[in-house]
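The values are calculated or read from the model by the stated rules, or taken from the named source; none is laboratory data. Treat the numbers as computed from the prediction; the structure is a model and nothing was measured. Glycine also receives a Cβ, built like all others from the backbone with ideal geometry; neighbour counts cover every protein chain displayed. Calculation scope for accessible area: heavy atoms of the full protein, side chains included, ligands and nucleic acids excluded. Shrake-Rupley method; radii C 1.70, N 1.55, O 1.52, S 1.80 Å.
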Amino acid sequence: MVSDRNAIIGGCAAGFVVDITLFPIDTIKTRMQSRQGLRSLGLSDLHKLKGVGAAAVGSMPGSALFFLTYEHVKRMNYGGGAKQHMLASSLGEIMACLVRVPTEVVKQRVQAKLARSSWEGLKHTLANAGLRGLYVGYGTTVMREIPFAAIQYPIWEKLRSAYNPEGSGFKSGVCGSVAGAVAGGLTTPIDVVKTRLMLSTKNEGVVTVIRELYKEGLSSFFKGFSARIGWLSIGGFVYLGTYQTVIEFIV
């Protein structure tokens, strides 16, 4: 069993490493899902890493909150197996989103060129919508993260118990890669809606965004599908591999 202290340390490390290393792919995905599409993407945007400040600030506490909740619930008796992992990951995501959503709002506004820096994105959001503006898309994000986590973590736990009983960080990463790709592909439509909500300057609701996407064609719900699968496949490897490696190191 992983202690609360170790879960926090491992979560901080995993969140920071995955968000920094995969930031360029995340930028491409965000641009693909925005109204402007990839037309607004320049190569300079990738190497300048615009919005990475917001990602770095939110990644560590958000990930720490997730794994603290996840490991804590796993230690309780709620049926065990996949049901336990689904409950633990779902509750973990609800807690993590309290930190993740505000930083995601700021980061995606910078990635979509609605702001020149994370600080400008934060000031612009607060000036136009107040504190509530930082939580635009919170409900949609939780709706996306819960099914994503409920798919990813039971698969990850099952695979690593079968193929990684010794607790290797590398093998844990491979298992995380497979789980992340499967969960990411299945939850792409929710992710597209969430991205549109966060980038909206009109305070649009979920129903309005869904109608807009439907008018654009059903394929619009899968914009960024390849980038998302690639991002979450690599991300699953880096994120869960780093977490397991750090846990093994500090135990």
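Structure values in brief
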| read-out | value |
| --- | --- |
| Filtered residues of the stretch 87-113 (kept if among the hydrophobic types (A, V, I, L, M, F, W, C), crowded, with 20+ Cβ neighbours inside 10 Å and more than 17 Å from residue 139 (Cα to Cα)) | 88, 110, 112 |
| Answer residue from the stretch 121-146, given it is part of a loop (DSSP other than H, G, I, E, B) and modelled with pLDDT under 85 and is surrounded by the fewest Cβ atoms within 10 Å (Cβ to Cβ) among those | 136 |
| Residue check, residue 157 surrounded by fewer than 17 Cβ atoms within 10 Å (Cβ to Cβ) and in contact (Cβ under 8 Å) with a residue 60 or more places away in the chain | no |
| Residue within the stretch 204-217 that is within 29 Å of residue 130 (Cβ to Cβ) and either touching a residue at least 24 places away in the same chain (Cβ under 8 Å) or in contact with a His (Cβ under 9 Å, 6 or more places away or on another chain) (or both) present | yes |
| Residue pairs meeting the criteria (Cβ under 8 Å; at least 6 apart or on separate chains; first touching a residue at least 12 places away in the same chain (Cβ under 8 Å), in the stretch 218-231; second outside any helix (DSSP H, G or I) and open to solvent by less than 80 Å² (accessible area, probe 1.4 Å)) | 231/22 |
| Residue in the stretch 171-190 that is surrounded by 15 or more Cβ atoms within 10 Å (Cβ to Cβ), within 21 Å of residue 125 (Cβ to Cβ) and at pLDDT below 90 present | no |
| Where a residue in the stretch 6-20 is in contact (Cβ under 8 Å) with a residue 12 or more places away in the chain and its partner, wherever it lies, is open to solvent by less than 20 Å² (accessible area, probe 1.4 Å) and of a type in the set (Val, Ile, Thr), with Cβ under 7 Å and at least six apart | 6/247; 10/247 |
